[in-house]
Amino acid sequence: MKLHKTILLIIAAILLTVGVSNAQVQQKISEEQLKDLLSRIDTSTVRFAKTADKAMDKSGFDGTAREDELNNHLKKLESATAALKTDHSLPNARENFITVVHTGVAIENFLKRNPLDGVQEDWATLRSELGELASGFNITWEQGHAIGAPVGEADIKNLLQHIEDMADKYKLTLDAALDNSVLNNTSTEDEINGINADFRKATRHLEDVRTSDSAPEAAKEVLAKGKRINDFLVKHNAKLTPEVQTSWLAVKIDLQRLAKLYQLQWK
């Protein structure tokens, strides 16, 4: 797969698009800063594209569903940049730029789920510069999603998957701690198991309705169930191992991100 050619064309579209439309889209960086940033992005893109192309060939992704997924992300990005180039008027310009960022987030999450040997350093450089570009248009690109833009399907889908992954690790750590604690085979253990089950049910429900109008309410339910787990762990902290709190912290960080996406409060 000639991944580098596709990426180069897409990034070129981004550069041309931003260069044409920056007068119509409110930005926080000067023309001189933007020119320098785009030059760095161009250099970093060439470097990343070459290493990514080699890595994809070595990974055995050619002709697989994973290759199709990445290609679909790249096509969406290309379409969004083309739309931005065609229409520079507000609010359409910002809407199209937001789509570019959301798709970039999806590509980032693809690389996290499907690590490619040898691309980490080059992607980190390009990712940082694209994040800087997003910031110049009042978008904050954090790990796994974009803040300041409407919730995107790629954002919530990948964040929920990460929440489930982190929750699985937390659950394994908790089970091990409970087996070796005074809470083993007690009603208290049954209580936390029920709370954990409710939390998983809530996250799966949000995943099912993430593109519907009921998604914000479903997100509130996930946060409410997460708070119940947090309250339990605080109450019984002395009876559990430090590893439980450490593994739960990773879930809490994701829940804080979820709250930001829906502009909700969670502690």
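The values are calculated or read from the model by the stated rules, or taken from the named source; none is laboratory data. These numbers come from a predicted model, not from an experiment. Ideal geometry is used to build each Cβ from the backbone, glycine not excepted, and the neighbour counts take in all protein chains shown.
With respect to Val234, is the statement that it is part of a helix (DSSP H, G or I), under 30 Å from His102 (Cβ atoms) and not assigned by TED's automatic domain parsing to the domain that holds Lys112 true?
Considered against the rule, which asks whether it is part of a helix (DSSP H, G or I), under 30 Å from His102 (Cβ atoms) and not assigned by TED's automatic domain parsing to the domain that holds Lys112, Val234 comes out as no.
Out of all the residues in region 116-127, which are at pLDDT 85 or above and within 20 Å of His162 (Cβ to Cβ)?
Of everything in region 116-127, those that are at pLDDT 85 or above and within 20 Å of His162 (Cβ to Cβ) turn out to be Gln120, Ala124.
Contact list please: Cβ distance under 6 Å, first residue in region 121-142 and over 15 Å from His102 (Cα atoms), second residue basic (Lys, Arg) and modelled with pLDDT under 80, pairs at least six apart or on different chains.
From residues that are over 15 Å from His102 (Cα atoms), the pairs are Asp122/Arg47; Glu129/Arg40; Gly136/Lys28.
I'd like to check something: does region 134-141 contain any residue that is assigned to a helix (DSSP H, G or I), in the same structural domain as Ser247 (by TED's automatic domain parsing) and either within 27 Å of Phe110 (Cβ to Cβ) or at pLDDT 80 or above (or both)?
No.
I'm checking my understanding of the structure. Among residues of region 198-240 that are over 18 Å from Lys171 (Cβ atoms) and of a type in the set (S, T, N, Q), which one is surrounded by the most Cβ atoms within 10 Å (Cβ to Cβ)?
Applying the filter and picking the extreme gives Ser214.
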